[in-house]
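Read through the structure below, which is laid out as structure tokens, and then see the notes.
The values are calculated or read from the model by the stated rules, or taken from the named source; none is laboratory data. Owing to the predicted nature of the structure, the values given are computational and were not obtained by experimental measurement. Quick reminder, even Gly has a Cβ in these numbers, built from the backbone with ideal geometry, and neighbours come from all protein chains shown.
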Amino acid sequence: MSSISKVAAQRLSHAARVLSEDDPANFILALGSHLGLPITEDKLKTLTVEDMNRILSGEDGLLPENYQHASMQLALRHLWGDESGQQPPPEVEEEPAELKGKAGLLVAVASNQEQQLDGHFGSCLRFLIYKVSKEGVYLKEVREASHLDRGSERNALRAELLKDCQLLYVQSIGGPAAAKVVRAGVHPVKFPLPGPARDALAQLQGHLDNPPPWLARVLGVDSSVSLRFTGEVEE
């Protein structure tokens, strides 16, 4: 087997996780077939957008259904070793006066750019921490996550980072990682199609008065469904 440098291997790992958490090996195999072995840092720097589109939409059908050009560009920057193109994190917001002292949910959103819900749990650059209540929504904190990529410990470290949150909104998350998140006391919710974080949070806000069963469990209250069932039994 051809050897590969540690730097090139790290770039491959980061890029593969951006594109597919579930089966990154397929992307790495397709990339090796395209570039030829061994895969080197110099070869990775020659990759273009056209190369990536060809690799992702090749014979193996690696192009995901929820493919986004921004995800491919982020993966390409990882392969180049160029992190300078990454967008800076959004600025946190001051808590509105009408929300001070109000109870609310802390929702972590996996994100790579601006206030977008567009990240995979194991590879997103950061988690945006929002406080959500009936009265409003605001961006309370930004927690960087890329520095936690330490091989097999990655998912556990990321779950630990979010242990004070009640919900995790994420584009995708694998089964073992989801189990670690749940053990940390956080309920993961998948949004396969990326979009503005606030759109998803507005939907959540609209359910707070009449929560579905899964959200009622997070809130520690009875859902309307369980209340109706209880009423029918009592009758």
Leading residue by the ranking (modelled with the lowest pLDDT) among those in segment 186-229 that are over 23 Å from the mean Cα position of the chain (by Cα) and among the acidic types (Asp, Glu): Asp222
Return the residues of segment 116-157 that are more than 11 Å from Pro89 (Cβ to Cβ) and of a type in the set (D, E, K, R); say none if nothing qualifies. Asp118, Lys131, Lys134, Glu135, Lys140, Asp149, Arg150, Glu153, Arg154
Residue count, segment 152-204, condition among the polar types (S, T, N, Q) and crowded, with 17+ Cβ neighbours inside 10 Å, comes to 4
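The rows are residues; the columns are (1) hydrophobic (A, V, I, L, M, F, W, C); (2) part of a loop (DSSP other than H, G, I, E, B); (3) at positive phi.
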residue: Glu160; (1), (2), (3): no, no, no
residue: Ala178; (1), (2), (3): yes, no, no
residue: Val189; (1), (2), (3): yes, no, no
residue: Gly206; (1), (2), (3): no, no, no
residue: Asp209; (1), (2), (3): no, yes, no
